[in-house]
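Some notes on the structure that comes next.
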Amino acid sequence: MQPLLRIAAVLIGSAALAFGVNAFLAPYRLIDGGMIGIGLLLNYHFGLLPGITVLLVSAPVFVGVFFYDRALFMSSVHGLLVSSFFIDLFSPASNWFRLGMPVHAVLGGWLIGAGVGTMLAYRTNSGGTDLLGQIASDRTGVPAALFIFILDAVILLAGISVIGVTRTLFSFATIVIVFAATHRYSGRKPLGRSIHLFYK
């Protein structure tokens with residue numbers, strides 16, 4: 001049953017993440033840090049597909065993990081492939097609505113964090129900094145969400161020249177919410193046959 005739950009976590013988590021990125025961050029050119037943030041920055045600046053970009057920039061991390069922890073590589077590579085595919089698949093959602101930058105920063109951050117956290121709870125992830133955070137958490141016992149937040153903040157600051165100060169401030173709010181949601185959902189232990197995303 002556990003492999004089926006992991007597959008469900010990858011699909012649900014990737015869908016939440018991809019919808020959050022496309023429906024809420026992309027319309028206002030916000031970013032959330034991490035490899036997805038790099039993908040969005042390259043999309044905003046060069047027009048590259050963010051999902052494919054995430055896949056490419058995450059590849060070196062996965063090569064290293066393949067030799068470091070083969071089991072973790074096998075449980076994580078599916079999350080990278082599916083989430084990268086979903087990010088590009090859901091790209092039409094960027095034209096669906098405009099609710100204002102503050103609303104998009106909050107809702108996008110929560111959906112992305114819920115998706116990432118759900119995958120982490122089932123020992124998989126969307127790759128890149130999420131994978132690095134999971135490795136660091138396994139070695140130190142510190143929540144993976146904290147490591148992911150630090151890496152996200154570094155990438156966000158590196159992109160300030162691309163998205164500007166205002167968008168950087170709202171993007172920082174996004175990564176704080178991603179951190180909170182990731183911590184909340186990644187800390188849940190797998191419960192029977194169900195995967196819980198939006199319950200109290």
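The values are calculated or read from the model by the stated rules, or taken from the named source; none is laboratory data. In this text, all values refer to a predicted model and were calculated from it rather than measured experimentally. So basically every Cβ, Gly included, is an ideal-geometry build from the backbone, and we count neighbours across all protein chains shown. We work out accessible area using only protein heavy atoms, side chains counted, and drop any ligands, DNA or RNA first. Shrake-Rupley method; radii C 1.70, N 1.55, O 1.52, S 1.80 Å.
Evaluating Ala121 against the criteria (1) touching a Lys or Arg at 6+ places or on another chain (Cβ under 6 Å); (2) farther than 20 Å from Tyr185 by Cα leaves one unmet condition, (2). Exactly one residue out of Leu120, Leu99 is over 15 Å from Leu55 (Cβ atoms) and surrounded by fewer than 16 Cβ atoms within 10 Å (Cβ to Cβ): that is Leu99.
Of all residue pairs spaced 6 or more apart or on separate chains, those with beta-carbon atoms under 9 Å, a first member in the range 80-92 that is closer than 14 Å to Ile12 by Cβ and touching a residue at least 12 places away in the same chain (Cβ under 8 Å) and a second member that is aliphatic (A, V, I, L, M) and open to solvent by 70 Å² or more (accessible area, probe 1.4 Å) are Val82/Leu11; Phe86/Leu11.
For the range 19-71, a tally of residues being at negative phi, buried (at least 22 other Cβ atoms within 10 Å of the Cβ) and either of a type in the set (Asp, Glu) or not in a helix (DSSP H, G or I) (or both) returns 3.
Take the conditions (1) under 15 Å from the mean Cα position of the chain (by Cα); (2) surrounded by fewer than 24 Cβ atoms within 10 Å (Cβ to Cβ); (3) modelled with pLDDT under 90; Ile160 misses just one of them, which is (1). Pairing residues of the range 154-169 that are of a type in the set (A, V, I, L, M) with residues that are open to solvent by 30 Å² or more (accessible area, probe 1.4 Å), at Cβ distances under 8 Å and at least 6 apart in sequence or on separate chains, gives Ile155/Ile38; Leu156/Phe172; Val162/His45; Ile163/Arg29.
Report whether or not Phe46 is more than 17 Å from Asn95 (Cβ to Cβ), in contact with a helix residue (DSSP H, G or I) (Cβ under 8 Å, 6 or more places away or on another chain) and hydrophobic (A, V, I, L, M, F, W, C). No; evaluated as a whole, the condition is false for this residue. Among residues of the range 170-185 that are basic (Lys, Arg), those with a Cβ under 7 angstrom from a residue that is open to solvent by less than 60 Å² (accessible area, probe 1.4 Å), sequence gap 6+ or separate chain, pair up as Arg184/Gly117. Among the residues of the range 1-28, those that are of a type outside the set (Phe, Trp, Tyr) and over 16 Å from the mean Cα position of the chain (by Cα) comprise Met1, Gln2, Pro3, Leu4, Leu5, Arg6, Ile7, Ala8, Pro27. Just one of the listed residues (Gly133, Gly128, Gly79, Gly115) is open to solvent by less than 10 Å² (accessible area, probe 1.4 Å) and on the phi > 0 side of the Ramachandran plot, namely Gly128.
Among the residues making up the range 122-170, a single one is in contact with a Phe, Trp or Tyr (Cβ under 6 Å, 6 or more places away or on another chain) and of a type in the set (Phe, Trp, Tyr): Phe149. With respect to being among the small types (Gly, Ala, Ser) and open to solvent by less than 20 Å² (accessible area, probe 1.4 Å), Ser84 fits the description. If the condition is being among the small types (Gly, Ala, Ser) and touching a helix residue (DSSP H, G or I) at 6+ places or on another chain (Cβ under 8 Å), then the range 52-71 contributes only Ser58.
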